[in-house]
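The values are calculated or read from the model by the stated rules, or taken from the named source; none is laboratory data. All values reported here derive from a predicted model rather than from experimental measurement. Don't worry about glycine lacking a Cβ; one is built from the backbone with ideal geometry, like all the others, and counts go over all protein chains shown. Each accessible area value is taken on the protein alone, full model and side chains, heavy atoms only, with ligands, DNA and RNA left out. Shrake-Rupley method; radii C 1.70, N 1.55, O 1.52, S 1.80 Å.
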Amino acid sequence: MAIHLYEDLTLTLQVSEGDLANPDDDTYNGTDGEAKDKELFVANEQTILAAALASGETSLQLFAPLFIDGEIIIVDDEQMRILSGGGTTVLAVERGYGGTTPAAHDAGAVVYSGYDYTGLVIEPVDVAGGDESDWYVLALTQAGLDTAVGGAPLNLGDKAHDVTLSFWRRCTVPSGTPVQNKTDLKLRLTGTENPIL
């Protein structure tokens, strides 16, 4: 999916998926039963235009090397299909895809992956050792963490391509356990990916 978890609202600290490059982890004092809250963000893969794009141009420059060949991207109200250059900062694109109108776009305009999402659910899973997923509680607000059920999934609902969602997670390490650096607890995001057409 072209949707990711981020640790910051500016979407620069993506939580790594499948490796420990930037996991959602923290160190906890188990002796005291320490708990920590963190706000996390869900957003489409995105970057910005590194240079202005005229309405007739079919080559665009990105700030970061994202997206794949064949993927639909959205700049302002225009959809484009990537013909080549996926994974680089220079893309050849088909303009005005899906019946949209080719237009000029300013440098710095946001470029989104062209998907909306329905039925998004986030849930804690433990990927190693015993199941400690109930150490995580999830809620839409920080105050909601106080009544959330450990290990329960959180329904995030639907998300348009240009919307960033946020939610809170609290990890509580039971009293009397060793100091913990939790990297085996993960957040699994599921839902239906819908191309924008």
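Values as computed for the structure displayed
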quantity	calculated
Search result, residues across region 28-67 that are closer than 30 Å to Ala143 by Cβ and in a loop (DSSP other than H, G, I, E, B)	Asn29, Gly33, Glu34
Filter pass, Gly70 being exposed (fewer than 14 other Cβ atoms within 10 Å of the Cβ) and either in contact (Cβ under 8 Å) with a residue 24 or more places away in the chain or part of a strand (DSSP E or B) (or both)	no
Hits in region 8-33 (condition: open to solvent by less than 60 Å² (accessible area, probe 1.4 Å) and either closer than 17 Å to Asp184 by Cα or not acidic (Asp, Glu) (or both))	Leu11, Val15, Ser16, Asn22, Pro23, Asp24, Asp25, Asp26, Tyr28, Asn29, Gly30, Gly33
Filter pass, Ala103 being over 17 Å from the mean Cα position of the chain (by Cα), modelled with pLDDT of 95 or more, small (Gly, Ala, Ser) and in a loop (DSSP other than H, G, I, E, B)	yes
Answer from Ala64, Ala109, Ala54, Ala50 - the residue that is farther than 29 Å from Thr190 by Cβ, touching a residue at least 24 places away in the same chain (Cβ under 8 Å) and surrounded by fewer than 14 Cβ atoms within 10 Å (Cβ to Cβ)	Ala54
Of all residues making up region 9-46, the number that are closer than 21 Å to Leu62 by Cα and in contact (Cβ under 8 Å) with a residue 12 or more places away in the chain	6
Residue in region 85-97 that is under 26 Å from Leu189 (Cα atoms), open to solvent by less than 50 Å² (accessible area, probe 1.4 Å) and in a strand (DSSP E or B) present	no
Filter result for the condition that a residue is β-branched (Val, Ile, Thr) and either open to solvent by 80 Å² or more (accessible area, probe 1.4 Å) or farther than 20 Å from Asn22 by Cβ (or both), over Thr164, Thr183, Thr141	Thr141
Condition check for Ile3: among the β-branched types (Val, Ile, Thr), open to solvent by 50 Å² or more (accessible area, probe 1.4 Å) and modelled with pLDDT of 85 or more	no
